[in-house]
Structure formats: structure tokens, C-alpha cells
Amino acid sequence: ACSHRLWPEIENTVMEQVAMAKLGVGECGAGWQLFAEDGEMKMYRREEEMNGLVVDPLKAVHVVKGITGYELCHYFFSPQYRYDWETTLEHMVVVETISEDTIVFQQTHKRIWPASQRDAVFWSHMRKLSDDQDTEGPGLWAVVNKSTELPNYPANAGKCVRVYLTVCLLCQTLVNPPKNGGPVTREDISCKITYCSVVNPGGWAPASVLRAVYKREYPKFLKRFTAYVINQTKDKPITF
Ligand SMILES: CCCc1ccc(-c2ccc(S(=O)(=O)CCO)cc2)cc1[C@H]1C[C@H]1c1ccccn1
């Protein structure tokens, strides 16, 4: 994997995305506005346009009980589960399996009226990061997805408008050992999630339409995804 042509870009992007994900929403300047809240889940966005296109960066923070950062990243990264939780997915192709932790995908998302249908071509990389504070703990796990060009999947060649995305799912496992010194169970763990995404919608779509789509779809996506992982893992041994 270290010899692959994408490796330098993957390495740089992971470091950059994890550093940004670690920044609180207070720290990145006043720009972040809270636009959705549901229990522990808080979703922020910054209103940004790039030559007339809405590219609002999004940052969601959430704390989920009973699962680990590894488990969340595993179900987010692995292709075999994606149709179960990604409701807007119409079609997914694993274009290249670079290594067990690095895959290139082509995805077609369902058309969201009145915007035209979109597709995305991106590499996806999953990695354990050292948790600066406590080295021997369960640590941090991250999945980073970033659009890439593939000659066999030219942009805007068919019916879909190509989107350009950079996504980071950063998960920190919190363990609260039981007082009685017994084994750690799912009641004793939780996961602190930071989900960051910047999606350039590619072709033009009205700002009001895109912002309405994101406002509806992102909270739905994160709630559905975390509920899916809780359900998939509840009767399985904990994987850190
Ligand atoms: C006009 C914009 C269309 C559009 C572009 C992009 C995406 C999108 C792609 C990938 C990822 S992910 O986090 O990498 C998970 C892998 O699928 C999330 C979102 C979704 C939409 C549309 C379908 C809507 C949507 C928005 C937000 C979350 C989920 N779905």
C-alpha cells in the first residue's frame, strides 16, 4: 500500500482531516452555525460558496453508547454493509481494493429532486491513530474518503453530475471500567464521533435546494448509521 500512487495523497489528507476534526467548533472561528440537534448529536455548518456553488463544510459531533470507534469505522468503511445504512445510495462499485484498509469506490446517489442525480468516485482509507493523551488506550480510529479522478469513470460522462467530496469520520472510544473490577461490557463503553464533510456538488444547483437537502439528509444519515452499528454489534463481543 505504501508504494501505491495514491499513498502520499492519502497520508497527507488523513493527517490534515484528523487535525481539522479535532478542532472544536468554537476554535475554527465564529463561522460554525448549529443547524441540527438531536440528543447528543449536534450538526454545524459554515455557509461557503465557491464560484456560485454551495460547498458548505459540515461538522457533526455525537456521543453514542455501547459501541467502539473501531466498530463504527469498520461498518462505515466496509462496502458489504453500505446498502444497509446509506439510504441515498443507488449503486456502488468497488473499483479497486488497494489494501485491506484502502478501497476506491464509485457511487451513484439517488436523484434528490429538483437537483440532478450525482455520482462520486473516491478513495476510502481506515486507520488507527495514536491517541496523544493515553497511548495504551483503545485510541482513535478514522475513516477518510476523498474524491479522486479515474480514467475509467470520467466525470459527467453519463446521466450523473460528479460531486467532489472530502469526508472524515473520527471516533474516540471512551471506557468507564466497572467499579467491581469485572469485565468491561457494552454498558461501560461509548464512542465520541466527529464527522466532517465538504461536498462540492459539481454541477450547479440552487443554494436553497442544496442547503435543504443537506439539512434533511445529514441528520438522517448519521442517526440511521449509528443506530445500524448499535444494532449490528449489540449481541457481538466488543471489538476495540
Ligand atoms: C446534491 C448533493 C448530492 C450528494 C452528494 C454527496 C453525498 C454523500 C456522499 C458520500 C458520503 S460518505 O459520508 O462518504 C458515506 C459514503 O456514502 C456522504 C454524502 C450525498 C448527496 C446527497 C444524497 C444526499 C445526501 C446528503 C447528505 C448525506 C447523505 N445523502
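The values are calculated or read from the model by the stated rules, or taken from the named source; none is laboratory data. Nothing here was measured: the structure is a model prediction, and the numbers come from that model. Methodologically, a virtual Cβ is constructed for each residue, glycine included, from the backbone with ideal geometry; neighbour enumeration extends over all protein chains shown.
Where strands (runs of 3 or more DSSP E) fall entirely within segment 108-209, those with at least 2 residues that are more than 9 Å from the ligand (Cβ to nearest atom) and among the basic types (Lys, Arg) are at 118-129. Only one of these conditions is not met by residue 94: (1) modelled with pLDDT of 95 or more; (2) exposed (fewer than 14 other Cβ atoms within 10 Å of the Cβ); (3) away from the ligand (no atom under 16 Å from the Cβ). Which number is it? Evaluating residue 94 over (1) modelled with pLDDT of 95 or more; (2) exposed (fewer than 14 other Cβ atoms within 10 Å of the Cβ); (3) away from the ligand (no atom under 16 Å from the Cβ) leaves (3) as the failure. Regarding residue 71, is this residue within 14 Å of the chain's Cα centre (by Cα) and at pLDDT 95 or above? Yes. The residues of segment 199-240 that are in contact with a Leu (Cβ under 7 Å, 6 or more places away or on another chain) and hydrophobic (A, V, I, L, M, F, W, C), listed by number, are 199, 204, 229. Can you tell me which residue in segment 186-231 is surrounded by the most Cβ atoms within 10 Å (Cβ to Cβ), limited to those that are at pLDDT below 95 and among the hydroxyl-bearing types (Ser, Thr, Tyr)? This residue is 214. Within segment 49-60, can one find any residue that is part of a loop (DSSP other than H, G, I, E, B), surrounded by fewer than 15 Cβ atoms within 10 Å (Cβ to Cβ) and more than 13 Å from the ligand (Cβ to nearest atom)? Within segment 49-60, one or more residues are part of a loop (DSSP other than H, G, I, E, B), surrounded by fewer than 15 Cβ atoms within 10 Å (Cβ to Cβ) and more than 13 Å from the ligand (Cβ to nearest atom).
Can you say whether residue 227 is closer than 25 Å to residue 87 by Cβ and in a loop (DSSP other than H, G, I, E, B), as far as the supplied structure shows? Lay out the reasoning, then the answer.
Numbers: closer than 25 Å to residue 87 by Cβ: yes; in a loop (DSSP other than H, G, I, E, B): no.
Considered against the rule, which asks whether it is closer than 25 Å to residue 87 by Cβ and in a loop (DSSP other than H, G, I, E, B), residue 227 comes out as no.
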